[in-house]
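Worksheet: the structure to be examined is printed underneath.
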Amino acid sequence: MKKVGIIGVGEYLPKNVLTNADLERKVDTSDEWIITRTGIKTRRLVSKGQAASDLGINAAKKALKDAGLAAEELDLIIVATITPDMQFPSTACFVQQGLKAVNAVCFDVSAACAGFVYALVVAQQFIAVGTYKNALIIGSEVLSTITDWKDRNTCVLFGDGAGAAVLVPVKSGGILSTVLGSDGRLNELLQLPAGGSRNPATHKSVEERLHYIKMRGNELFKLAVKLMAGAAQDALKLAGLECKDIDWVIPHQANIRILMSMAKKLDLPVEKIYLNIDKYGNMSSASTATALCEAVKSKSIKKGDIVLLDAFGGGLVWGACVIKW
Ligand code: COA
């Protein structure tokens, strides 16, 4: 089996900024409540007509440039998204078209907020066994299109964005361990009830606002802390490392209090957790992807660092991955 590492990263955040003050004018909320309960100050929103592949293509171009790879050289494109351009074709195929990555095999993965970690693990398998010699993975979301802007319980949380990474075989370091988990029994805690084959779109489904995210936040909160901490511990154990060996945690960014509780559970200094939730809110699969990109570009992550990706989302699904940078 070949070792696999990340050689390029890129991100794209749409330019429209939605502040907490803007939300105060839409629903019964306050800047103070949102900051203290979630850590979010602003989030980005797409311009009209911008879809997940548009964001993903922009992030991918930067990641390819960073990796020094031409689009035609790509073997595999995996897009993690819960807001695909269409039910089908896959958003990965739209990305392929946009990049002119004519030689790539393309598909999407559906693993909600853990999607980027899932995509990374899938890509790693293909490269490790030698099926493909490289892969582009993207987490791209336009959550603003599935957010109920009349529901204060959810609309303050989400934002739009995309992040991408290029994976290839490496001689040393790279991905040291991966852990994935799922528990479908808890699917009702976080769902988009309509628009699929269970509840196809009807006038009634639209009237009942079933095409928007439904979330039982309080129950998810406790599970997120438990499952993200557990995944971190399992991935570290598999890599033969301990919490004290971690230089950076790049987590899914659902709520700053989830991350602070996780740090406490792991006895991990909070300064080691890379945060961008204040700027972008929860962008599902794009949160981990953009945080990784920012941490690399800002030179927070340095060569040789031990980096832990850790994510959790609707499904339920979770995943963690230890990388030696
Ligand atoms: N502004 C003001 N008040 C709000 C509000 C808002 N935007 N949203 C909810 N509230 C109110 C509630 O109505 C409730 O009022 P009540 O006590 O009068 O009923 C009160 O605040 C507390 O609500 P609660 O849901 O207990 O708040 P919380 O501290 O659990 O915070 C979340 C809510 C959603 C921020 C938090 O539960 C969370 O982040 N959960 C996890 C989310 C998650 O992991 N999502 C998926 C991961 S991918």
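The values are calculated or read from the model by the stated rules, or taken from the named source; none is laboratory data. Keep in mind it's a predicted model, so treat the numbers as computed, not measured. Here the Cβ is made from the backbone with ideal geometry for all residues, glycine too, and neighbour counts use every protein chain on show. In case anyone asks, the SASA skips ligands and DNA or RNA and just uses the protein heavy atoms, side chains included. Shrake-Rupley method; radii C 1.70, N 1.55, O 1.52, S 1.80 Å.
In segment 106-123, the condition of being among the polar types (S, T, N, Q) and within 16 Å of the ligand (Cβ to nearest atom) is met by at least one residue. Of all residues in segment 56-76, none satisfies being open to solvent by 60 Å² or more (accessible area, probe 1.4 Å), without any contact (Cβ under 8 Å) to a residue 60 or more places away in the chain, within 22 Å of Thr145 (Cα to Cα) and not in a strand (DSSP E or B). Restricting Leu308, Leu259, Leu292 to those that are part of a helix (DSSP H, G or I) and more than 16 Å from the ligand (Cβ to nearest atom) reduces the list to Leu292. Cβ separations smaller than 6 Å between residues 6+ apart or across chains give the following pairs from segment 31-52 residues that are within 13 Å of the ligand (Cβ to nearest atom) to residues that are assigned to a loop (DSSP other than H, G, I, E, B) and polar (S, T, N, Q): Thr38/Asn255. Of everything in segment 272-289 that is assigned to a loop (DSSP other than H, G, I, E, B) and within 16 Å of the ligand (Cβ to nearest atom), the residue that is nearest to Arg43 (Cα to Cα) is Gly281. Within segment 206-229, none of the residues are in a helix (DSSP H, G or I), in contact (Cβ under 8 Å) with a residue 24 or more places away in the chain, open to solvent by less than 60 Å² (accessible area, probe 1.4 Å) and away from the ligand (no atom under 14 Å from the Cβ). Whether any residue in segment 216-229 is in contact with a helix residue (DSSP H, G or I) (Cβ under 8 Å, 6 or more places away or on another chain) and among the acidic types (Asp, Glu) is what I want to check. Yes, there is a match, as at least one residue in segment 216-229 is in contact with a helix residue (DSSP H, G or I) (Cβ under 8 Å, 6 or more places away or on another chain) and among the acidic types (Asp, Glu). Selection within segment 182-205: residues that are part of a loop (DSSP other than H, G, I, E, B) and in contact with a helix residue (DSSP H, G or I) (Cβ under 6 Å, 6 or more places away or on another chain). The member of this set that is surrounded by the fewest Cβ atoms within 10 Å (Cβ to Cβ) is Asn199.
One residue stands out among those in segment 154-181 that are more than 16 Å from the ligand (Cβ to nearest atom) and among the β-branched types (Val, Ile, Thr): the one that is surrounded by the fewest Cβ atoms within 10 Å (Cβ to Cβ), which is Val170.
The requirement of being within 15 Å of the ligand (Cβ to nearest atom) and not in a helix (DSSP H, G or I) is satisfied by Ala254.
Taking every residue in segment 150-162 that is at negative phi and touching a residue at least 60 places away in the same chain (Cβ under 8 Å) and pairing it with any residue that is within 9 Å of the ligand (Cβ to nearest atom) and of a type in the set (Lys, Arg), at least 6 positions away or on another chain, the pairs with Cβ-Cβ distances below 9 Å are Val156/Arg37.
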